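Q: Quick one: the structure is below, questions incoming.
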Amino acid sequence: MKRRIFINNTVFPVIMAGLGGGGITNLFAADRRHEKRVRLAENGPMIPPVPAILLTVNGKPGGPNEISVVWTFVLEGEPPQIGISVADYHVAGDLIKLHKEFVLNVPLAEMVTAFDIVDMHSSKVGDKYALSKLTAGKAQVVSAPTVMEAPIQVECRVFNTISVPPRRTVFFADVVATTVLEGVCDENGRLIVPRVPFFGMTAGSGEFYTMGQRVGHIGETVGRDDIKY
């Protein structure tokens, strides 16, 4: 498929509602407002699902390019801005500080094995393209590599950085280009969700899930259907 490009006016949507339950009973099929709430012994950022994203960035001079798994979130739709959180012990953080730009590659569910290989070898292997058998491409606006298998590629330039104790750096970036494979979006640049089997990481269980049933859209309660972000 050919790749289309939408410059400076779009960011990938993180729409992961309605995950399948694998046959497990839905706890909220009935009114449960008055049932007992249990506090867990271990505090955790249980905000499922977290989008599965492969970050790519240029390496150091003479070194291999880097693929990493990072926490990702949307800052703003217009202008399009995103944020990523990178552990300070990961090699990607220093490379982002060096180059000030990167690409977020949205993988398909069929890429889950390669995704996990990248994640589990984040600071242990130099050339993770070779290890994961993913194909390196070239971004169209920023100077950074891409993952050619990814149906959506979001090209970003850093505009602010915050150090978050004890061991994280958060990068805020402008989206300067978004490219998609033909057929992923309609003629208006709106994502056609059923055509792309995304997956996410469920914070709280450590499992990967694809999207399930569509349950609505932004603005539905006020009669709007034009909002994408």
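Q: Taking only pairs six or more apart or across chains, which ones have beta-carbon atoms under 9 Å, a first residue in region 89-112 that is without any contact (Cβ under 8 Å) to a residue 60 or more places away in the chain, and a second residue that is assigned to a helix (DSSP H, G or I) and buried (at least 16 other Cβ atoms within 10 Å of the Cβ)?
A: Hits for this filter: M111/S132.
Q: Pairs only if they're at least six apart or on different chains, beta carbon under 9 angstrom, first in region 40-67 and exposed (fewer than 13 other Cβ atoms within 10 Å of the Cβ), second in a strand (DSSP E or B) and modelled with pLDDT under 90; list them, first residue then second.
A: Within 9 Å, the pairs are M46/T202.
Q: Could I ask something else about it? Please go through (1) among the small types (G, A, S); (2) under 25 Å from K228 (Cβ atoms); (3) out of contact with any Ser or Thr (no Cβ under 7 Å at 6 or more places or on another chain); (4) surrounded by 18 or more Cβ atoms within 10 Å (Cβ to Cβ) for G183 and return the number of the only condition it doesn't satisfy.
A: Result: G183 fails condition (4) only.
Q: Also, I was wondering about something else. Please tell me if V118 is hydrophobic (A, V, I, L, M, F, W, C), closer than 17 Å to V70 by Cβ, outside any loop (DSSP other than H, G, I, E, B) and at pLDDT below 95.
A: In short, yes.
Q: Here is a further query. If a residue must be under 15 Å from P64 (Cβ atoms) and touching a residue at least 24 places away in the same chain (Cβ under 8 Å), how many such residues does region 121-159 contain?
A: The number of residues fulfilling the criteria is 13.
Q: May I pose another question? Test each condition in (1) surrounded by 19 or more Cβ atoms within 10 Å (Cβ to Cβ); (2) more than 14 Å from the chain's Cα centre (by Cα) for C156 and report the one that comes out false.
A: (2)
Q: Can you give me the number of residues within region 72-115 that are in a strand (DSSP E or B) and either surrounded by 15 or more Cβ atoms within 10 Å (Cβ to Cβ) or within 14 Å of the chain's Cα centre (by Cα) (or both)?
A: Counting residues in region 72-115 that are in a strand (DSSP E or B) and either surrounded by 15 or more Cβ atoms within 10 Å (Cβ to Cβ) or within 14 Å of the chain's Cα centre (by Cα) (or both) gives 17.
The values are calculated or read from the model by the stated rules, or taken from the named source; none is laboratory data. This is a predicted model, so every value here is computed, not measured. Neighbour counts are summed over all protein chains in view; Cβ atoms, including those assigned to glycine, are modelled from backbone coordinates with ideal geometry.
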